[in-house]
1. Anything in segment 1-41 that is more than 16 Å from ligand 1 (Cβ to nearest atom), surrounded by 14 or more Cβ atoms within 10 Å (Cβ to Cβ) and of a type in the set (Lys, Arg)? List them, or say none.
2. Consider only pairs whose beta carbons are under 8 Å apart and that are at least six residues apart or on different chains; among these, list those whose first residue lies in segment 100-116 and is under 17 Å from Lys136 (Cα atoms) and at pLDDT below 95 and whose second residue is outside any strand (DSSP E or B) and open to solvent by less than 60 Å² (accessible area, probe 1.4 Å).
3. Got a number for residues in segment 69-92 being more than 9 Å from ligand 1 (Cβ to nearest atom), surrounded by 15 or more Cβ atoms within 10 Å (Cβ to Cβ) and either β-branched (Val, Ile, Thr) or part of a loop (DSSP other than H, G, I, E, B) (or both)?
4. Can you find, within segment 12-62, the residue that is farthest from ligand 2 (Cβ to nearest atom) among those that are under 23 Å from Ala214 (Cβ atoms) and among the small types (Gly, Ala, Ser)?
5. Only residues in segment 133-150 that are farther than 20 Å from Val164 by Cβ count as the first member; pair them with residues that are open to solvent by less than 70 Å² (accessible area, probe 1.4 Å) and assigned to a strand (DSSP E or B), Cβ under 8 angstrom, at least 6 apart or cross-chain, and list the lot.
6. Given the residues Leu222, Leu156, which is the only one that is on the phi < 0 side of the Ramachandran plot, open to solvent by 30 Å² or more (accessible area, probe 1.4 Å) and assigned to a loop (DSSP other than H, G, I, E, B)?
7. Give the residues of segment 243-267 that are surrounded by 15 or more Cβ atoms within 10 Å (Cβ to Cβ) and touching a residue at least 40 places away in the same chain (Cβ under 8 Å), sorted by residue number.
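The values are calculated or read from the model by the stated rules, or taken from the named source; none is laboratory data. Keep in mind the model is a prediction, meaning the values are calculated, not measured. Don't worry about glycine lacking a Cβ; one is built from the backbone with ideal geometry, like all the others, and counts go over all protein chains shown. Accessible surface areas use protein heavy atoms only, side chains included; no ligands, DNA or RNA. Shrake-Rupley method; radii C 1.70, N 1.55, O 1.52, S 1.80 Å.
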Amino acid sequence: MIKDTETILRIALQKSGRLHDDSMDLMNRSGIKFNTGAGRLVAQSTGFPVEALFLRDDDIPQTVYDGVADIGIVGENEYAEKGYELEIVKHLNFGKCRLSLAIPKSEHYTGVGWFDGKKVATSYPRILKKFFEEKKIQAEIHEIAGSVEIAPGIGLADAIFDIVSSGSTLVANSLKEVGVVMYSQAVVVANKNLEPEKREILDQMLFRFNSVMASATNKYVLLNAPNERVKDIVKILPGMKSPTVLPLAQEGWSSIHSVISEEQFWEVIDQLKACGAEGILIIPIEKMIL
Ligand code: ATP
Ligand code: ZN
């Protein structure tokens with residue numbers, strides 16, 4: 001039977017802001033491009049059964065929960081604050097930040113008990129309330145939408161609970177970070193009742209995301225080594241299966257090819273040099289199919 005309506009997966013993305021560019025970049029590099037015009041709220045994809053809905057990040061959890069969108073890309077902080085039950089299907093490794101408590105620099109911090117009886121300004125009342133309940137702290141939570149960091153300076157609160165990435169905003173407002181309550185990054189959230197056809201599209205999309213993300217954190221390495229050192233070098237280079245070893249035209253030498261992860265990178269290079277590797281080339285990987 002011919003289906004007259006093709007199933008489309010609807011993804012909610014931040015319209016503009018800190019998650020927008022990285023989200024679009026990930027979709028693009030996954031071969032999912034949108035016909036976006038200026039100010040458009042809905043966009044169809046070319047070549048993949050996905051439709052994007054551009055929203056404020058605050059609205060993404062509910063939109064996915066209600067099923068208006070099937071999935072979304074949002075910060076874990078926003079997901080936790082809104083409290084809608086969704087499935088986190090993938091951590092995306094961008095939009096990294098932390099939610100922290102900060103107090104005036106001049107205050108002597110005695111531990112979390114310092115907050116007893118204090119007034120704390122935040123845009124994340126739900127997460128903070130839960131934290132204070134767990135720690136049995138009686139504090140007043142004062143919700144404000146933005147510019148939280150100026151609240152103590154203008155006498156609106158004794159302390160703040162807010163997003164911190166580098167900490168420079170805190171310093172500029174004479175505040176000091178005294179405790180991290182949660183670490184956050186962008187995640188893909190999904191409605192818990194996705195129909196099987198949509199789940200299938202989601203799985204295909206996640207497969208592409210995985211390939212793109214793996215390629216970003218891995219490098220292709222090529223090097224030359226005398227044959228008697230090949231064994232040692234192969235031990236250092238794990239590769240996807242095992243390294244490729246090819247003879248060079250120059251007798252007694254081989255070329256070795258492998259894949260190494262960014263985290264191991266400098267350590268591995270130092271070990272390779274110590275093992276007599278020469279002419280080491282490091283090449284970016286476009287896509288990595290796992
Ligand atoms: P919107 O207009 O969509 O409501 P917003 O102003 O609430 O945008 P942004 O500042 O664009 O939000 O931040 C979106 C998300 O990016 C945050 O919820 C958080 O998950 C993440 N993020 C990462 N680093 C930072 C940072 N330094 N400051 C603020 N948010 C950050
Ligand atoms: Zn927002």
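1. Once the filter is applied, which keeps residues that are more than 16 Å from ligand 1 (Cβ to nearest atom), surrounded by 14 or more Cβ atoms within 10 Å (Cβ to Cβ) and of a type in the set (Lys, Arg), segment 1-41 yields Arg10, Arg29, Lys33.
2. As it stands, the answer is none, since no pair meets every condition given.
3. 8
4. Result: Gly47.
5. Listed pairs, sorted by first residue: Glu140/Lys119; Glu140/Val120.
6. Selected residue: Leu156, the only one of Leu222, Leu156 that is on the phi < 0 side of the Ramachandran plot, open to solvent by 30 Å² or more (accessible area, probe 1.4 Å) and assigned to a loop (DSSP other than H, G, I, E, B).
7. Residues satisfying the conditions are Val259, Ile260, Phe265.
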